[in-house]
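*Asks:* One structure is given below, represented as structure tokens, and several questions about it will come after.
The values are calculated or read from the model by the stated rules, or taken from the named source; none is laboratory data. Source: prediction; values computed, not measured. As a convention, Cβ positions derive from the backbone with ideal geometry for all residues, glycine included, and neighbour counts pool all protein chains shown. Keep in mind that these areas ignore ligands, DNA and RNA; they rest on the heavy atoms of the full protein, side chains included. Shrake-Rupley method; radii C 1.70, N 1.55, O 1.52, S 1.80 Å.
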Amino acid sequence: MSLTPRQIELADAALRIVARQGMRAVTFRSVAAESGWSLGAVQKAFATKVDLHTAMFARLRGSVGPAPTHEPGRPTLHAWLVELVASVLPLDEGRRDLELQGAAFAELAAHDPEIAGVIAVDDRRLLGLLEGLVRRGQAEGEIDGSLRADAVAWAVLAILQGAASQLLYDPRTESEVRELVSPALAGILHWSG
């Protein structure tokens with residue numbers, strides 16, 4: 001989606017509102033107040049609230065949070081996954097804002113097939129990366145070769161999404177999160193059913 005500089009500024013203002021007050025607080029009037037633009041300027045930039053949401057979603061998807069610094073799956077898949085989870089969970093204000101914004105759009109996705117489709121594609125992309133890393137770990141002998149790579153990837157994503165949601169209302173320190181996530185991921189990577 002191609003946005004004008006003004007639309008970018010307004011969408012970013014709306015995302016700040018979401019992080020502080022939730023999606024229900026986003027109105028043309030609140031975006032005008034947050035951005036310093038007039039109500040008319042907001043209405044001129046976005047014909048409908050759906051257009052504003054679309055721009056917000058595009059901006060959110062373009063936001064890049066921290067990521068592990070090592071090559072994916074290195075030095076071990078387990079260590080890299082712990083780093084991945086710790087780097088994206090809402091453990092500081094910036095990542096908390098991103099999680100709140102993402103959660104607001106996930107809620108909209110339940111009733112908006114277009115948003116749902118975009119989120120599902122992003123999830124499938126991440127699942128594909130994780131499956132590939134699991135297969136590489138299996139080929140290198142790090143992970144049991146009998147595990148289903150798709151099931152392991154799905155479980156890792158479920159832990160990541162569940163922990164992110166829980167940390168919004170029950171914050172923990174990064175060290176506490178690592179102490180919980182590390183054995184949980186080890187269990188998934190070495191599960192034998």
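*Asks:* Quickly run through region 17-40 and pick out the residues that are in contact (Cβ under 8 Å) with a residue 24 or more places away in the chain and outside any loop (DSSP other than H, G, I, E, B).
*Replies:* V18, A19, M23, F28, S35
*Asks:* For region 85-92, state whether one or more residues are closer than 20 Å to A158 by Cβ, under 15 Å from the mean Cα position of the chain (by Cα), open to solvent by 30 Å² or more (accessible area, probe 1.4 Å) and at pLDDT 95 or above.
*Replies:* Among the residues of region 85-92, at least one is closer than 20 Å to A158 by Cβ, under 15 Å from the mean Cα position of the chain (by Cα), open to solvent by 30 Å² or more (accessible area, probe 1.4 Å) and at pLDDT 95 or above, which makes the answer yes.
*Asks:* Criterion first (of a type in the set (G, A, S), assigned to a helix (DSSP H, G or I) and open to solvent by less than 10 Å² (accessible area, probe 1.4 Å)) does A13 satisfy it?
*Replies:* Taking the combined requirement at face value, the residue satisfies it.
*Asks:* I need the full set of residues from region 159-193 which are of a type in the set (F, W, Y) and either part of a helix (DSSP H, G or I) or open to solvent by less than 40 Å² (accessible area, probe 1.4 Å) (or both), in order please.
*Replies:* Matches in region 159-193: Y169 only.
*Asks:* Is it true that A103 is at pLDDT 95 or above and either under 20 Å from L127 (Cβ atoms) or open to solvent by 60 Å² or more (accessible area, probe 1.4 Å) (or both)?
*Replies:* yes
*Asks:* Please state which one of S63, S2 is small (G, A, S), open to solvent by 50 Å² or more (accessible area, probe 1.4 Å) and over 21 Å from the mean Cα position of the chain (by Cα).
*Replies:* S2
*Asks:* Quick one: in region 41-60, which of the residues that are in contact (Cβ under 8 Å) with a residue 24 or more places away in the chain and among the aliphatic types (A, V, I, L, M) is surrounded by the most Cβ atoms within 10 Å (Cβ to Cβ)?
*Replies:* Only one residue fits best here, namely M56.
*Asks:* Another question, then. Any chance region 138-158 includes a residue that's under 19 Å from the mean Cα position of the chain (by Cα), not in a helix (DSSP H, G or I) and not hydrophobic (A, V, I, L, M, F, W, C)?
*Replies:* No - not one qualifying residue is present in region 138-158.
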